[in-house]
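J.: I am attaching a structure below and will ask some questions about it afterwards.
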Amino acid sequence: MQCRSVRSAVVALALLLCCACGKESRSGIWKPSPLGTAADFRDVFFVDANRGWIAGGGYDIPGGLIGRTTDGGKTWQFTSGILSSSPTATGVKVHALHFFDAQRGVAVGDGGKVYVTRDGGGLWGEVRGWSGSSHSLFDLEFVDDESGWAVGLDGVLATDDGGEHWKAMANGKLQGRAIAFIDAYRGWAVGQYATAMSTPDGGRSWNVADIPVPKGDRIDFWDIFFVDAKNGWICGDEGTLLHTIDGGNTWTVQDLGIDGVRSAPKLERVARGDKVDVIDAGDRTPGLTLAAIRFVDKQNGWIVGFFANYGRSWILRTRDGGNTWSTEADIDGEELRALHVLDATHAWAIGARTRPGAQAIYVRDASAN
């Protein structure tokens, strides 16, 4: 297999070393750590409190980008050209990562491509993903060192040898954005237009789920996460949050209890003689897209979300299984899209910047409650 090597962080990645690195969250619990690159990021994964990886890309970075740290996110080394060695392959992204240990990992991205590393992310070699696909793979899920799945707009791929070989599963038009498995057989995939499907047989067959989303709501689901065999959550556009306590047999809506998460028409007052009419001018306020959700147990969890085209992100925290939420961070200039929670004291969030300057990863203060 062909391998991509580490490029110079200064020459090949167009790093921005002298620009702003992001604003600290207003609560002070989540602190920005500068990355020195203008790239956008789509995933973050840590195997312990020090060793982690981030994945993304940028229009001035050919072939996608993966960064790695050994000090909890304070400093980073980058590898570019993951998905293509062509200098014209700009704008492509690595969308998801999974590492089994400090050395062995799997990455997926644009073009349905799958790559593996055996040296902690310095070298990446392509393995067979979707042959001829033009669509992205958006998410990865492994339940052990061998059994895993990847999902994208063409459906689901599965591996039984830790990512070395993949095969296409049934229901190729799943149009999935995120995937989660309880064990080697029972799993879920969610995606566009409130799509939610389950499998009882490791992905060979898929069934449409009964999801309590009002008809006509053309929301997208962005993430799904199970903390154990019973308790799981789905999140998406318009502050949508669903919860199951029976392994996905039934789902209920959880209200964030926070004003302003749903878009709303911007009403205008127009004077007509001695009367004032209130009209809908067709414009709307931005809704909150819940992009990623993680729990450490069935009570304690976090969500990252952003207001599209508004340049503002929230990080929300629950201590009661999602029944109530508080705003733990309110960050300008970011569209946070990825979250990794290692344990109750270690968590990281990252995404796309909507401000000038270099990107940052947001690290949760380990001393915070």
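The values are calculated or read from the model by the stated rules, or taken from the named source; none is laboratory data. Everything quoted here is computed from the prediction, not taken from an experiment. Cβ placement follows ideal geometry from the backbone for every residue including glycine, while neighbour counts extend to all protein chains displayed.
J.: If I filter region 233-258 down to residues being touching a residue at least 60 places away in the same chain (Cβ under 8 Å) and closer than 18 Å to Asp183 by Cα, which single residue comes out as surrounded by the most Cβ atoms within 10 Å (Cβ to Cβ)?
T.: To start, the set of residues in region 233-258 that are touching a residue at least 60 places away in the same chain (Cβ under 8 Å) comprises 233, 235, 239, 241, 243, 247-248, 254, 256-258.
Now narrow it down to the ones that are closer than 18 Å to Asp183 by Cα: 233, 247-248.
Values: Trp233: 25, Gly247: 16, Gly248: 23.
Checked region 233-258; the qualifying residue surrounded by the most Cβ atoms within 10 Å (Cβ to Cβ) is Trp233.
J.: Same structure, new question: I'm told Ala338 meets every condition in (1) in contact (Cβ under 8 Å) with a residue 40 or more places away in the chain; (2) surrounded by fewer than 24 Cβ atoms within 10 Å (Cβ to Cβ) except one. Can you identify the failing condition by its number?
T.: Here Ala338 meets the rest and fails (2).
J.: Can you tell me which residue among Asn300, Asn323 is under 23 Å from Asp223 (Cβ atoms) and either at pLDDT below 95 or surrounded by fewer than 14 Cβ atoms within 10 Å (Cβ to Cβ) (or both)?
T.: Every option except Asn323 fails the conditions.
J.: Further, regarding this structure: Identify the single condition in (1) more than 27 Å from Asp217 (Cα to Cα); (2) surrounded by fewer than 19 Cβ atoms within 10 Å (Cβ to Cβ); (3) in contact (Cβ under 8 Å) with a residue 12 or more places away in the chain that Asp330 does not satisfy, given that it satisfies every other one.
T.: Every listed condition holds for Asp330 apart from (1).
J.: Before we move on, is Val213 in a strand (DSSP E or B) and touching a residue at least 12 places away in the same chain (Cβ under 8 Å)?
T.: No: the conditions fail for Val213.
J.: Only one of Arg262, Arg269, Arg218 is more than 18 Å from Asn300 (Cα to Cα) and touching a Phe, Trp or Tyr at 6+ places or on another chain (Cβ under 6 Å). Can you tell me which?
T.: Step by step, each of Arg262, Arg269, Arg218 is checked, and only Arg218 is more than 18 Å from Asn300 (Cα to Cα) and touching a Phe, Trp or Tyr at 6+ places or on another chain (Cβ under 6 Å).
J.: If we scan region 1-10, do we find a residue that is out of contact with any Gly (no Cβ under 9 Å at 6 or more places or on another chain), modelled with pLDDT of 85 or more, surrounded by fewer than 18 Cβ atoms within 10 Å (Cβ to Cβ) and more than 14 Å from Ala358 (Cα to Cα)?
T.: Within region 1-10, none of the residues are out of contact with any Gly (no Cβ under 9 Å at 6 or more places or on another chain), modelled with pLDDT of 85 or more, surrounded by fewer than 18 Cβ atoms within 10 Å (Cβ to Cβ) and more than 14 Å from Ala358 (Cα to Cα).
J.: Another one. Out of the residues in region 177-194 that are surrounded by fewer than 20 Cβ atoms within 10 Å (Cβ to Cβ) and either touching a Phe, Trp or Tyr at 6+ places or on another chain (Cβ under 9 Å) or touching a residue at least 24 places away in the same chain (Cβ under 8 Å) (or both), state the one that is nearest to Asp228 (Cα to Cα).
T.: Step by step, filter region 177-194, then rank; the result is Ile182.
J.: Which residue is modelled with the lowest pLDDT, if the candidates are limited to region 37-54 and must be surrounded by 21 or more Cβ atoms within 10 Å (Cβ to Cβ) and of a type in the set (Val, Ile, Thr)?
T.: Thr37
J.: Could you pull out the residue among Gln192, Gln175 that is on the phi > 0 side of the Ramachandran plot and either under 23 Å from the mean Cα position of the chain (by Cα) or hydrophobic (A, V, I, L, M, F, W, C) (or both)?
T.: Selected residue: Gln175, the only one of Gln192, Gln175 that is on the phi > 0 side of the Ramachandran plot and either under 23 Å from the mean Cα position of the chain (by Cα) or hydrophobic (A, V, I, L, M, F, W, C) (or both).
J.: Within the bounds of region 121-144, is there any residue that is aromatic (Phe, Trp, Tyr), without any contact (Cβ under 8 Å) to a residue 60 or more places away in the chain and touching a helix residue (DSSP H, G or I) at 6+ places or on another chain (Cβ under 8 Å)?
T.: The answer is yes; a qualifying residue exists.
J.: Looking only at region 101-120, how many residues end up being of a type in the set (S, T, N, Q) and surrounded by fewer than 24 Cβ atoms within 10 Å (Cβ to Cβ)?
T.: 1
J.: How about region 159-169: which of its residues are in a strand (DSSP E or B) and under 15 Å from Ala96 (Cβ atoms)?
T.: Here is the first cut: in region 159-169, the residues in a strand (DSSP E or B) are 159, 167-168.
Hit for region 159-169 is Thr159, nothing else.
J.: Right, here's the next one. Is one or more of the residues making up region 97-104 more than 22 Å from Val227 (Cβ to Cβ) and aromatic (Phe, Trp, Tyr)?
T.: No, the conditions are met nowhere in region 97-104.
J.: Can you tell me which residue within region 170-203, out of those that are in a loop (DSSP other than H, G, I, E, B) and of a type in the set (Val, Ile, Thr), is modelled with the highest pLDDT?
T.: The selected residue is Ile182.
J.: What are the residues in region 74-106 that are touching a His at 6+ places or on another chain (Cβ under 8 Å) and among the small types (Gly, Ala, Ser), if any?
T.: Gly105
J.: Next up: Go through (1) within 23 Å of Phe307 (Cβ to Cβ); (2) charged (D, E, K, R); (3) not in a strand (DSSP E or B) one by one and return the number of the condition Lys230 breaks.
T.: It fails just one condition, (1).
J.: Do any residues in region 285-299 that are on the phi > 0 side of the Ramachandran plot have Cβ atoms under 7 Å from those of residues that are surrounded by 20 or more Cβ atoms within 10 Å (Cβ to Cβ) and acidic (Asp, Glu), where the two are at least six apart or on different chains, and which pairs are they?
T.: none
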